[in-house]
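*Asks:* Questions regarding the structure given below will be posed in turn.
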Amino acid sequence: MAILGDSRFLHPDSHLSEAHVTKDRRLMVTRGASSICVWNLSTGDLLFNWKLPPLLRDHSANNYTGELAFNASESMAGMVQFNKFYRFNIRSGEQLPPIELTPQPSTNMAVSMQLPSFVRFSEDLSVCAFVQGRKGTTVGKIEGDSYVPLISDRVDWLPQALINGGRTLIVGRIPEELKAIDLASPPSESGQAARRGSGQQNYRLAPPYLTAEDFRAKKMELFELATGKSRWVGTFETILALAASPDGRLLSVVVRKSDRQTALIVHDLVKDQHLLDGSLAELCGTAEPSNPTDIKVKFSADGSLLVVWGPDFGVRVLDAATGGTFATSEATKYDFLDFSCDESSLAGVDSAGRVQVWNMPAGTVRFRLSGDARLGQPRFSPDGRSIYAVCGEYKVRRYDAKTGKQLEELSVPKSLTHTPYAIGPDGSIVLYGDRLQPNAGNSLHFERGAYSPNGELFFRDRSRQISIIDIASGQNLLDVREARLPCAVSPDRKLLAIKKKVLSQRSPLEVWSLESKQLLQTFPDVRSDTDTFHSLTLAIGNDGVVLARDPLGSEVLRFNSATGQTLSNIPLLSPNVAGDSKRSKRRFATGTFSPKASYLALSLINGTVLVYSLGQDAAP
C-alpha cells in the first residue's frame with residue numbers, strides 16, 4: 001500500500017512477473033512462473049487461480065514474454081505465449097478456450113522464428129497485431145474462438161501500439177521512425193524489413209505516450225498514442241525508467257548521468273520545464289543504487305505523487321513537484337544474519353545495505369548502521385566487542401558492538417564484496433590461506449567456502465569436495481567428497497554435520513568425527529514430497545544432536561548421531577507478522593543457528609526477522 005506504507009499480503013508464487021490492480025481497487029491480477037491469480041486486494045484472499053500449461057511456464061519467445069492485457073472494463077485479461085491467445089474472465093473466474101494465432105511450430109526450423117512476438121492488442125482485446133519471424137507483421141480480429149487475419153506478412157512494420165479501437169496501428173519503419181497506419185486503407189509495402197533490436201533505437205510504452213529513444217544521439221521523442229503525433233523532444237543520458245502522468249502533463253525519467261550518478265527528473269510538458277532534477281540517492285535517502293536498471297517509477301492518478309521503487313531502498317512516495325517524501329516502505333529483506341559467539345547479539349544486513357544489531361534474547365534494537373555507503377557481511381569479533389562490515393570494493397569498517405560508533409576504516413588489497421571472511425582473535429581479517437592485516441598490501445588467494453562462527457575453521461568448497469581447514473595451523477582436518485555447503489561443527493570441534501550432494505538420487509545428511517576422520521552416521525532424506533536437505537540450515541551440539549531447519553521453515557528436524565535415531569521435530573510457531581498472509585506459504589531469504597544452537601534466526605522475504613529460542617523440551 002503506497003499511501004499507508006505497509007505490506008498487505010504476500011504472493012505465494014516463487015517468481016512474480018507482473019501485477020495489475022483494477023481501477024476500482026478491488027482486484028489484483030498477478031502472473032507468476034506457473035499460474036495467473038486474481039486476489040481480493042483488501043483482504044488478500046485468493047479468488048481464482050489458473051494454472052499455466054507446461055509449454056507456457058518460463059517460456060520466452062523473441063522479445064515477448066506473455067504480458068497481461070486487459071479490456072477497457074477490466075473484466076477480461078488476455079495473454080499470448082507460445083502460439084496461443086489465452087483469455088480469462090477475472091470477475092467470474094471463467095477461462096475461455098484458447099485461440100491459436102499461428103500454426104503449431106514445426107521442428108524443421110527455429111521455434112522462436114515461428115511464434116508471435118511484439119504482440120499488441122486494441123483497448124477491447126478485439127484486434128491483435130504481432131510479428132512472426134521473417135514473415136513480418138500480421139494484424140487480425142478476434143471473432144468468437146477464432147483469429148481472423150486482416151493484413152499479413154508486412155515485413156516493413158514493427159507494431160508498437162493499437163489505438164482508436166483497433167483501427168489505427170502505430171508501427172516502427174525504416175528508417176527508424178514511427179508511423180500511424182490506418183488499417184482500413186494501409187499503404188503499400190515498402191519492400192524494406194523493419195529493424196528489430198538495432199541497438200540505436202528503442203521504443204517504450206508510457207501511456208498516454210509512446211517514446212522513441214535514440215541511444216547514439218541521447219535523444220528521446222514523445223508520441224501521443226491517441227494521434228501518433230510528436231509531442232516533445234528531450235535530451236537525456238542513459239534512460240533507466242520512465243512514466244507519464246495519466247493526464248499527459250508530467251513525465252518522470254530516471255537516468256544515469258555521465259558521472260555515473262543516478263538522477264530522477266520530473267518534466268512539465270505543458271510549461272516545458274523541469275519541476276525536479278536531483279540525485280535519486282539524496283531524494284530517497286539511501287546510497288547510490290547498486291542495480292539502477294531495476295528501478296521503477298509510476299504516477300498517482302492525479303499526477304501529484306510519484307512512486308519510486310528500487311531493490312536498494314524499497315518504496316518511496318514523493319511529491320512530484322518538490323521531491324519531498326510523502327510515504328516510505330522499508331520492505332527490504334535481510335540477506336545476511338550473524339550471531340556473536342556468546343549469542344548475546346544478532347546482526348543482519350538488508351538489501352539496502354543497512355546493518356541492524358539486536359540484543360538477545362530481548363530482541364530489542366541496539367543500533368542501526370547506515371549512511372554514505374552500502375554495508376555487507378556483518379561479522380562479530382570473537383570477543384564480541386567489535387562488529388565489522390564490508391563498505392565498498394576494498395574497504396571494511398569496524399564499529400563498537402555496544403554503541404555502533406565507527407572505530408576505524410580498513411583498506412584491504414582484495415575486494416571482499418563477494419568473498420567469505422572471518423575475524424581472528426587478534427582483530428585481523430582472516431581469509432583462507434592468509435591472515436590479512438590492514439594495509440599489508442599482500443596478494444590474496446580467493447577460495448570458495450565458509451567459516452565456522454568463531455573463525456577458527458574454514459570449509460573450503462572445491463571440485464565437489466568440502467575440506468575442513470584449521471586456520472591457525474593450516475592443517476587439513478577432513479575431506480568429504482560429493483558434499484555441499486552449508487555444514488556445521490560442534491563447539492568442541494569434534495563432530496561435523498554435512499549435506500551430501502548425490503546426483504540422480506535423494507541426498508543424505510552425514511555426521512563425521514573430526515578426530516578419527518570416520519563417518520559416524522548417515523541420515524537418509526526423510527521426506528517423499530521435497531528434498532529435505534536441499535536448502536539446509538545446520539547446527540550440531542557436543543552431544544551429537546543435529547538440528548536442521550527444513551526448506552519451508554515450518555519446523556526444525558532433529559537427529560541423534562550417537563544412536564542414529566530421528567528425534568521428534570520441533571514445530572515452529574507462526575506469529576501474526578504484518579504482510580504474512582495465512583493463506584500463503586512463508587518464504588525465507590536466509591536463516592542461521594546461533595553458535596551454541598540456542599537460537600534459530602530466519603529472515604522472511606517481507607523484511608521481517610524471526611528468532612526462535614530452541615529449548616530441550618522441543619518447545620520453541
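*Asks:* So which residues in region 74-114 are farther than 24 Å from Ile170 by Cα, at pLDDT 90 or above and not in a strand (DSSP E or B)?
*Replies:* The answer is Ser75, Ile90, Arg91, Ser92, Gly93, Glu94.
*Asks:* Here's a follow-up. Being buried (at least 16 other Cβ atoms within 10 Å of the Cβ), among the hydroxyl-bearing types (Ser, Thr, Tyr) and modelled with pLDDT under 85 is true for just one of Ser190, Ser117. Which residue is that? Walk me through how you get there before you give the answer.
*Replies:* Numbers: Ser190 fails: buried (at least 16 other Cβ atoms within 10 Å of the Cβ).
After ruling out the rest, the residue left standing is Ser117.
*Asks:* Give the number of residues within region 292-312 that are more than 14 Å from Ala241 (Cβ to Cβ) and among the hydrophobic types (A, V, I, L, M, F, W, C).
*Replies:* Within region 292-312, residues that are more than 14 Å from Ala241 (Cβ to Cβ) and among the hydrophobic types (A, V, I, L, M, F, W, C) number 2.
*Asks:* If you don't mind, there's one more thing I want to ask. Looking at Ser329, Ser300, Ser290, Ser340, which is the one that is modelled with pLDDT under 90, open to solvent by less than 20 Å² (accessible area, probe 1.4 Å) and of a type outside the set (Val, Ile, Thr)?
*Replies:* Exactly one of Ser329, Ser300, Ser290, Ser340 is modelled with pLDDT under 90, open to solvent by less than 20 Å² (accessible area, probe 1.4 Å) and of a type outside the set (Val, Ile, Thr), namely Ser329.
*Asks:* All but one of (1) over 29 Å from the mean Cα position of the chain (by Cα); (2) among the aromatic types (Phe, Trp, Tyr); (3) modelled with pLDDT under 55 hold for Phe533; state the number of the condition that does not hold.
*Replies:* Single failed check for Phe533: (1).
*Asks:* Kindly check whether there is at least one residue in region 121-141 that is within 25 Å of Leu205 (Cβ to Cβ), buried (at least 22 other Cβ atoms within 10 Å of the Cβ) and among the charged types (D, E, K, R).
*Replies:* no
*Asks:* Report those strands (runs of 3 or more DSSP E) wholly inside region 386-482 carrying at least 2 residues which are at pLDDT 85 or above and among the charged types (D, E, K, R).
*Replies:* In region 386-482, the matching strands (runs of 3 or more DSSP E) lie at 395-400, 406-411, 476-481.
*Asks:* Name the strands (runs of 3 or more DSSP E) wholly within region 251-354 that hold at least 1 residues that are under 29 Å from Pro420 (Cα atoms) and of a type outside the set (S, T, N, Q)?
*Replies:* Values: elements: 262-268, 273-279, 296-299, 305-310, 314-319, 325-329, 334-339, 345-350.
It comes to 305-310, 314-319, 334-339, 345-350.
*Asks:* Oh, and also: Can you pull out the residues in region 142-157 that are exposed (fewer than 14 other Cβ atoms within 10 Å of the Cβ) and over 21 Å from Tyr86 (Cα atoms)?
*Replies:* Ser152, Asp153
*Asks:* How many of the residues in region 14-40 are surrounded by fewer than 19 Cβ atoms within 10 Å (Cβ to Cβ) and modelled with pLDDT under 80?
*Replies:* Of the residues in region 14-40, 6 are surrounded by fewer than 19 Cβ atoms within 10 Å (Cβ to Cβ) and modelled with pLDDT under 80.
*Asks:* Ok, one more. Which of the residues belonging to region 224-240 are outside any strand (DSSP E or B), among the hydroxyl-bearing types (Ser, Thr, Tyr) and surrounded by 15 or more Cβ atoms within 10 Å (Cβ to Cβ)?
*Replies:* Across region 224-240, there are no qualifying residues.
*Asks:* Only one of these is touching a Ser or Thr at 6+ places or on another chain (Cβ under 8 Å) and open to solvent by 50 Å² or more (accessible area, probe 1.4 Å): Arg216, Arg204, Arg256. Name it.
*Replies:* Details: Arg216 fails: touching a Ser or Thr at 6+ places or on another chain (Cβ under 8 Å); Arg256 fails: open to solvent by 50 Å² or more (accessible area, probe 1.4 Å).
Unique residue meeting the criteria: Arg204.
The values are calculated or read from the model by the stated rules, or taken from the named source; none is laboratory data. All values derive from a computational prediction rather than experimental measurement. With ideal geometry, Cβ positions are generated from the backbone for all residues, glycine too; neighbour counts draw on all protein chains shown. What goes into the accessible areas is simple: the full protein's heavy atoms, side chains included, and nothing from ligands, DNA or RNA. Shrake-Rupley method; radii C 1.70, N 1.55, O 1.52, S 1.80 Å.
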